[in-house]
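Colleague: The structure is given below, and queries will be raised subsequently.
The values are calculated or read from the model by the stated rules, or taken from the named source; none is laboratory data. Please read all numbers here as calculations on a predicted model, not as lab measurements. Cβ placement follows ideal geometry from the backbone for every residue including glycine, while neighbour counts extend to all protein chains displayed.
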Amino acid sequence: MASVATPTSATVVSATLRPRNRRLIRLRDRCVVGGLFGAGIFSILITVAIVFILFGETLRFFGMPEVSLWSYLTGLEWKPLLGADKKFGMWPLVTGTLMVTAIAALVALPIGLITAIYLSEFAPARVRAVIKPALEILAGIPTVVYGFFALTTITPALRGIVELSTRWMTPAGEPGYSVFEFFNSTSAGIAVGIMCLPTVCSLSEDALRAVPKGLREAAFGVGGTRFDVAVKVVTPAALSGIVAAFLLAISRAVGETMIVSLAAGGMARLATDPAEGAQTMTAYMVQIFLGDAEFGSVEYYSSYAIGATLFLMTLGLTLLGNWVLARYREAYE
Amino acid sequence: MTSLLEGRQAIPASRRNRTNRRFLWVALCVTSLSVLALSVLLVTVLFQGAKHLFGAEVAVVPDTTHLVSAELDERGQSVQLVTREPRTQHLELLERAPEGATVRVDGADVLVVAPDGAELRAGTRTDVTSAALTPNRHAVRIEYSELVTHEVGLPSERSLDGASIETDAQTGRVAVRYTNGSTQIVGQRGGTLARTHVVGSPNLKAAKDFLTTPPSMTPTNAGFNAPLLGSIWILVVCALSALPLGIGAAIMLEEFRPRRRGPTHWVHRIVQTNVRNLAGVPSIVYGLIGLTVFCRMFGLFGSALQYAPYQRFELTDGRTILGQLVATEEEVYHLDSELLGHVKLERSSLGEVTQWPIKDEPIECHGTVELNDEYLFVVRAPELGEITIDSWAIEHAELADGGPFSPREVDLTFSMGGQGRYVIETPDAGRMYVARDLVRDTVRDIDTVPIREHIYRMGDGRVLRGELMKLNDGELSIRRAIGEDVTTFNIKDVALRPDGKPDYRNRTMLMLGDEDSSFHVHFPMGASVLAGGLTLMLVILPIIIIATQEALRAVPDSLRSGALALGATPWQMVWGMTLPNAVPGIMTGAILAMSRAIGEAAPILVVGGTIFITFLPDNLMSGFAAMPLQIYMWTNQPDPEFKKVAASGILVLLTVLLLFNASAVFIRQKLQRPLT
C-alpha cells in the first residue's frame, strides 16, 4: 500500500502524523468535521430559502386584490403594466416559454444525438480529440453572446431567406414577404438550441461510451454493421443517460434568460406563431427588474409568482431526469 | 437487437451496408452542421468585435454642423475645416428706443429706425441674419454668423499621396481617405469625442481606450472599464465565498459518508440529492433569492423605500452635486450621489448646502421653464437654483400651448413624487414627472443617462410599450412598438405613463466597520458588489460541489487506506492524503465554475447591477456594472452603432473566458498525475 503513495505524499503523512496531544487532535477533528457538515447543510439552506422566498412572495402576490390563483392558472391574458385593467393569466408567458423551448429542442436534440453517436461510434480518435474539448469550451460561452448572435445574425438571416424565397410571389421589383417579425421566437429558439447543443452532445456521448465494449463486440460478432451496432444496440443500452441529457437540456432551455429577452421580444401574447415575438417567463422577469415596476407593487410580486412557476417546471424536469436515470439505468457490471 | 438475432426475414448484407454508409454520411453532415453553427457564431461575433475594438481611435473632432469647406493643407499635416458658426449678441442702446421703433440692417450697420424716421446706429457687425429689439427696447438682439477655422492634425507616418476628403451630408462626417483604403474621421456633427474609425490598420491604442474609458450613452465614446472591474470585484467575492463552502460540502459528501443508517445518513442523502437539484435551478431564480436575502435582507434592517434627505451641495468651484450625506469626518464629507456614486469632498471646497425638497414638503416658487436647443429642460427659480433636466428623463409632460421650446414664466410647485421622481407642477403649463436620478447635476456628463422602456398611452387610446428614441421638435420616436420597429408620434398625442424605477439602494441602516475602508459593510447590502458576488456564489455552488466530488472520487481508495493504516484520523487522512492528490481536479472544476460565473447576466441584472456608471467600484458596498450585463444593455439599444460596441465587449469577455479555460487545461495537463 505505502509503495503506491509517492514520496511527497509520504512526507506529508508523516508530518501531519507526528505525535501530539491526542485529545487536541480529536477536538480539532470534531471541529473540522462540524464545519464541513455546516457547509453541506448550507446547500439545504439555499433550497429552503428558495422555497420559502419564492412561495412566500407568491402567496403575497395572490393575496393582492387584483389577482386570484384561478385567473392566474387559467387566464389567457398577461397585462401587468397597463393602468387599472391589469390581467394576470400565466398562459401567454408559459406558451412563449414552451414555444422557444420546443424550437430549441427541435434544433438541439436530433443534431446533438446524431453528433454524439458519430463521435462515440464512428469518428476516428483524432477527430474526437478535437471536437470534444471544443464542444466543452463552447458550452462555457455566456448566453448573452448567443443572444447577440441571435439578434445580429440569425434574425437578419431568417428574414433575408424568407424575403428572397418569396420574391417570386410579389410583383417584380418588390422585395418578398417579410414573415418574421424583428423579434421572433424562431430566432431565439434556434439560438437556445445551439446553446444546448454542447450539453446534449457531451452528455449523450458520455452515456454512449459508458456502454461496455462487450456489447458492441457481441453485436459485431453476429454480423452487425457499425450502423446496426451504434443505433440498434448501443443507443438503446444508453437510453436512460440520453433521455437524462435531453431533459437537462430542455430544463436549461426553459430557464434560459438573456437569449430570449434579447431576441424574442417583450410582447406577452399566446404564442401560436413562431414567426411572431413571444415573451417568455424569464424575459418578463428581466423586464420587471430592469425598472418597469416599482418595489412592492403587484407587478413586482408577479415576478416572484412567475419565478416560482419556472422553478417548479425546471424542478419537475430535473426530478424526472433523476428518476429516468435511476429507474432505467442498465448496469453492466 | 431482435432484428439482428431473430431476423423475421434476414436483411441482405448489401442493404445493411448501404444503410450503414448512408447513416455515416448523415452523421458526418449533422456533425459538421453543429460544428459549423458554433464556428459561425464565434467567427461572426469575434470578427465584429475585433473590427470595432482594434479599428478605431478616440479623438476630439470639431463640430461640422455648419461646415463651409474642408481641405487638406499643402504640407499634408492637417485638415482645415471652415465652419460658419451662428452667434447672438445684444447691442445695448444708450437710451430706450421709442415705442414702435424698428431695426434695419444696412450692410454692416445695424440701425434702429424710430417711427418718425430718425435713425440711430446700434452697432456694426457683418453677416447679420436677423436683428430685433428686445421687449424692453433697451437693446437690439442680433444673430450673425462667424467663420471659424479648425485645424485637425493628421498622423505624420501615414502616406497622404492621393488622399482625399469625403463628406457625408447625412451624418455630417468629414473623413480623410488614405490611399491604402483606410479612413479617418476628422469632423462630425455635434463634435466632441469620436471613435475615429481607421479601417485597415489595427491599432492597440483603440483597444486600450476601450478598456480604460467608462461606458457611455454615445456609442462612439463607450468604454468598458467599469464593467470589467465590476466583474473582477464580484468574481473575487464569489470565489472567496463559494470555494470554501463548495469544497467543504464536497468533502463532507465524499469523505465523511456515514457507514451506518441513522440521522446522519439521511442528512447525507438529502444533501446529495439537493445539490443535484440545485444545479438545475435557472440562474434568474437565484437572482430573486439574492435580491431578497442579500440586497433587501427581508426588509429586516429598514424598508428599502426610505430615502435619506436629498441635498444640493454647491461647491466653491461652481459645481453642484445632488446627493445624500452619508458620513462626515473632520475635514471630509462623504456624499452618495445616485449619478456619481460615492463622492468625497473637502469641507473647504463646500459652499452652500441646501436641502432638496423631500416628500410632503413641496416648494412653491416663481420661475421659468424652457426647453433649450440641446433638448434640455431648464427650470430656474430663486428657491431651486437652476435645474437642468435631460429630456430623456421626463416621463410625463403636459405642457400647454406654444410648444416646448419657448421659455415661459410660471408658478412652480416642486415636490418629491415618490418612486424616485420629482414632480414639477405649473398651474398654467401642466405637470412634469421627472426621474430623480436623471436630473442633471451640472458636473455630470450627458452620456450617463440611460434610456428606459416605458408605457406610452396614445391620445386615441392605444397603448405602446417601448423605448424613447428621440424627442424632436414635438415629435417622439418609440422603438419596439406593436408590430413596428420604430414609430414616430406627435408629442401632443402621447401621454406618458409615469413609471418609477425600483430603488433597492438603501441608506445605511446598519453599518459595520469604517465607512472609509474598502471592507465596510452595511445592511441591507443593496445593489452592491458584495450582494452581487454572494448571489453568483449561490449560482455556482452546486457546480463546484459536483466537480470537487468527482475530483475526490478519482483519488484511489488505496491511498486512503494507507493513511488510515498508519494511524491518521479521518481528517488527517483527508488533509494529508486525499486533498493534495485531488487539488488539480478541484482547481480545474473551480476555474470552470468561475468562468460560468463571469458570464452570468440574469442574476446580476435582478440584484441590480448598474447599467451606465462612470465610476469604478472601490469598496464592497459600491454599485457595480458587470461585463455580461453591459453587453446585454448595449445589444438592446436601438442604435446599430451599439451593436458594434457590444461586439467589442463580447471580445473582451471571451478573451477573459479563454484565459480561464486555458489555465484549466494547463492545470489538467501539467499537474494531474495518474494515481492508479
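Colleague: Looking at region B:624-646, which of the residues that are modelled with pLDDT of 70 or more and either charged (D, E, K, R) or not in a helix (DSSP H, G or I) (or both) is nearest to the chain's Cα centre (by Cα)? First the steps, then the outcome.
Modeller: Within region B:624-646, the subset modelled with pLDDT of 70 or more is B:624-637, B:640-646.
So of that shortlist, the ones also either charged (D, E, K, R) or not in a helix (DSSP H, G or I) (or both) come out as B:624-626, B:636-637, B:641, B:643-644.
On the way: B:Phe624: 10, B:Ala625: 7, B:Ala626: 9, B:Asn636: 11, B:Gln637: 11, B:Glu641: 15, B:Lys643: 13, B:Lys644: 15 Å.
Top of the filtered list is B:Ala625.
Colleague: Just to be sure I understand, how many residues within region A:117-133 are touching a residue at least 60 places away in the same chain (Cβ under 8 Å) and more than 9 Å from every other protein chain (Cβ to nearest Cβ)?
Modeller: The initial filter retains those residues of region A:117-133 that are touching a residue at least 60 places away in the same chain (Cβ under 8 Å), namely A:117, A:119-122, A:132.
In the following step, the residues that additionally are more than 9 Å from every other protein chain (Cβ to nearest Cβ) were identified as A:120, A:132.
The total comes to 2.
Colleague: Related question: What tally of residues in region A:70-101 results from selecting those that are crowded, with 17+ Cβ neighbours inside 10 Å, more than 21 Å from A:Tyr300 (Cβ to Cβ) and in contact with a helix residue (DSSP H, G or I) (Cβ under 7 Å, 6 or more places away or on another chain)?
Modeller: The qualifying residues number 3.
Colleague: Please state which of the following conditions A:Met281 fails to meet, knowing it meets all the rest: (1) modelled with pLDDT under 90; (2) buried (at least 24 other Cβ atoms within 10 Å of the Cβ).
Modeller: (1)
Colleague: Continuing with the same structure: Given the options A:Phe37, A:Phe61, name the one that is facing chain B (nearest Cβ under 9 Å), at pLDDT below 90 and outside any loop (DSSP other than H, G, I, E, B). Talk me through it step by step, then tell me what you get.
Modeller: Values: A:Phe61 fails: facing chain B (nearest Cβ under 9 Å).
The conditions single out A:Phe37.
Colleague: A follow-up question, please. Can you name the residue in region B:567-590 that is of a type in the set (A, V, I, L, M) and over 21 Å from A:Arg30 (Cβ atoms) and is also farthest from the other protein chains (Cβ to nearest Cβ) among such residues? I'd like the intermediate steps shown before the answer.
Modeller: Initial filter on region B:567-590 (of a type in the set (A, V, I, L, M)): B:568, B:573-574, B:577, B:579, B:582-583, B:586-587, B:590.
Pick out the ones that are also over 21 Å from A:Arg30 (Cβ atoms) and you get B:582-583, B:586-587, B:590.
Values: B:Ala582: 12, B:Val583: 12, B:Ile586: 14, B:Met587: 16, B:Ala590: 14 Å.
If we take residues in region B:567-590 being of a type in the set (A, V, I, L, M) and over 21 Å from A:Arg30 (Cβ atoms), then B:Met587 is farthest from the other protein chains (Cβ to nearest Cβ).
Quick grid of which residues meet (1) modelled with pLDDT of 85 or more; (2) out of contact with any strand residue (DSSP E or B) (no Cβ under 7 Å at 6 or more places or on another chain); (3) facing chain B (nearest Cβ under 7 Å):
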| site | (1), (2), (3) |
| --- | --- |
| A:Ala2 | no, yes, yes |
| A:Thr8 | no, yes, no |
| A:Arg18 | no, yes, no |
| A:Arg28 | yes, yes, no |
| A:Cys31 | yes, yes, no |
| A:Phe42 | yes, yes, yes |
| A:Ala49 | yes, yes, yes |
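Colleague: Name the single residue, out of those in region A:71-116 being of a type in the set (Phe, Trp, Tyr) and either in a helix (DSSP H, G or I) or within 13 Å of chain B (Cβ to nearest Cβ) (or both), that is nearest to B:Ala27 (Cα to Cα). Can you show your working first?
Modeller: Here is the first cut: in region A:71-116, the ones of a type in the set (Phe, Trp, Tyr) are A:72, A:78, A:88, A:91.
In the following step, the residues that additionally are either in a helix (DSSP H, G or I) or within 13 Å of chain B (Cβ to nearest Cβ) (or both) were identified as A:72, A:78, A:91.
Values: A:Tyr72: 45, A:Trp78: 43, A:Trp91: 38 Å.
Among those that are of a type in the set (Phe, Trp, Tyr) and either in a helix (DSSP H, G or I) or within 13 Å of chain B (Cβ to nearest Cβ) (or both), it is A:Trp91.
Colleague: To continue, here is another question. If you go through region A:302-333, how many residues are out of contact with any Leu (no Cβ under 8 Å at 6 or more places or on another chain), in contact (Cβ under 8 Å) with a residue 40 or more places away in the chain and hydrophobic (A, V, I, L, M, F, W, C)?
Modeller: 4
Quick grid of which residues meet (1) crowded, with 23+ Cβ neighbours inside 10 Å; (2) assigned by TED's automatic domain parsing to the domain that holds B:Leu235; (3) farther than 30 Å from B:Met621 by Cβ:
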residue	(1), (2), (3)
B:Thr535	yes, yes, no
B:Leu559	yes, yes, yes
B:Trp571	no, yes, yes
B:Trp575	no, yes, yes
B:Pro584	no, yes, yes
B:Gly589	yes, yes, yes
B:Ala593	yes, yes, no
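Colleague: Can you find, within region B:88-125, the residue that is nearest to B:Ser145 (Cα to Cα) among those that are surrounded by 15 or more Cβ atoms within 10 Å (Cβ to Cβ) and in contact with an Asp or Glu (Cβ under 6 Å, 6 or more places away or on another chain)?
Modeller: This residue is B:Leu111.
Colleague: Please go through (1) within 12 Å of chain B (Cβ to nearest Cβ); (2) in a helix (DSSP H, G or I); (3) more than 13 Å from the chain's Cα centre (by Cα) for A:Gly224 and return the number of the only condition it doesn't satisfy.
Modeller: Among (1) within 12 Å of chain B (Cβ to nearest Cβ); (2) in a helix (DSSP H, G or I); (3) more than 13 Å from the chain's Cα centre (by Cα), the lone unmet condition for A:Gly224 is (2).
Colleague: For residues that are among the β-branched types (Val, Ile, Thr) and either under 25 Å from B:Thr212 (Cα atoms) or modelled with pLDDT of 90 or more (or both), tally how many sit in region B:587-623. Lay out the reasoning, then the answer.
Modeller: Step one: filter region B:587-623 for residues among the β-branched types (Val, Ile, Thr), giving B:588, B:591, B:598, B:604, B:606-607, B:610-611, B:613-614.
If we keep only those that are either under 25 Å from B:Thr212 (Cα atoms) or modelled with pLDDT of 90 or more (or both) too, we end up with B:598, B:604, B:610-611, B:613-614.
Summing the residues that are among the β-branched types (Val, Ile, Thr) and either under 25 Å from B:Thr212 (Cα atoms) or modelled with pLDDT of 90 or more (or both) in region B:587-623 gives 6.
Colleague: Hey, another quick one. Have a look at A:Leu270, A:Leu239, A:Leu248, A:Leu262 and point out the one that is aliphatic (A, V, I, L, M), in contact with a helix residue (DSSP H, G or I) (Cβ under 8 Å, 6 or more places away or on another chain), surrounded by fewer than 24 Cβ atoms within 10 Å (Cβ to Cβ) and at the interface with chain B (Cβ under 10 Å from one of its Cβ atoms). Explain how you work it out, then say what you get.
Modeller: Numbers: A:Leu270 fails: at the interface with chain B (Cβ under 10 Å from one of its Cβ atoms); A:Leu239 fails: at the interface with chain B (Cβ under 10 Å from one of its Cβ atoms); A:Leu262 fails: surrounded by fewer than 24 Cβ atoms within 10 Å (Cβ to Cβ).
Residue meeting the stated conditions: A:Leu248.
Colleague: Quick check: is even one residue across region A:146-155 touching a residue at least 40 places away in the same chain (Cβ under 8 Å), within 9 Å of chain B (Cβ to nearest Cβ) and touching a Phe, Trp or Tyr at 6+ places or on another chain (Cβ under 8 Å)?
Modeller: Yes, some residue in region A:146-155 is touching a residue at least 40 places away in the same chain (Cβ under 8 Å), within 9 Å of chain B (Cβ to nearest Cβ) and touching a Phe, Trp or Tyr at 6+ places or on another chain (Cβ under 8 Å).
Colleague: Just checking, does region B:255-270 include any residue being at the interface with chain A (Cβ under 7 Å from one of its Cβ atoms), under 44 Å from the mean Cα position of the chain (by Cα) and either closer than 30 Å to B:Leu620 by Cβ or in a helix (DSSP H, G or I) (or both)?
Modeller: Taking region B:255-270 as the starting set, the residues that turn out to be at the interface with chain A (Cβ under 7 Å from one of its Cβ atoms) are B:256, B:270.
Checking the rest, the ones that are also under 44 Å from the mean Cα position of the chain (by Cα) come to B:270.
Still in the running and either closer than 30 Å to B:Leu620 by Cβ or in a helix (DSSP H, G or I) (or both): B:270.
Yes, the conditions are met somewhere in region B:255-270.
Colleague: Exactly one condition in (1) surrounded by fewer than 16 Cβ atoms within 10 Å (Cβ to Cβ); (2) more than 12 Å from chain B (Cβ to nearest Cβ); (3) touching a strand residue (DSSP E or B) at 6+ places or on another chain (Cβ under 8 Å) is false for A:Val67; which is it?
Modeller: Checking A:Val67 against (1) surrounded by fewer than 16 Cβ atoms within 10 Å (Cβ to Cβ); (2) more than 12 Å from chain B (Cβ to nearest Cβ); (3) touching a strand residue (DSSP E or B) at 6+ places or on another chain (Cβ under 8 Å), the one that fails is (1).
Colleague: Just to confirm my filter: which strands (runs of 3 or more DSSP E) fall fully inside region B:124-240 and include at least 1 residues that are over 30 Å from B:Asp109 (Cα atoms) and modelled with pLDDT of 70 or more?
Modeller: Values: elements: B:128-133, B:139-153, B:164-168, B:173-177, B:183-187, B:193-197.
Ranges flagged: B:139-153, B:164-168, B:173-177, B:183-187.
Colleague: Additional query: Just one of A:Tyr300, A:Tyr328, A:Tyr332 is within 10 Å of chain B (Cβ to nearest Cβ), at pLDDT below 85, over 30 Å from A:Ser178 (Cα atoms) and surrounded by fewer than 22 Cβ atoms within 10 Å (Cβ to Cβ); which is it?
Modeller: Values: A:Tyr328 fails: within 10 Å of chain B (Cβ to nearest Cβ); A:Tyr332 fails: within 10 Å of chain B (Cβ to nearest Cβ).
Matching residue, one of A:Tyr300, A:Tyr328, A:Tyr332: A:Tyr300.
Colleague: Show the residue pairs that are 6+ apart or on different chains and have beta-carbon atoms under 7 Å apart, the first residue being within region A:49-74 and farther than 13 Å from A:Ala308 by Cβ, the second being among the basic types (Lys, Arg).
Modeller: A:Glu66/A:Lys86
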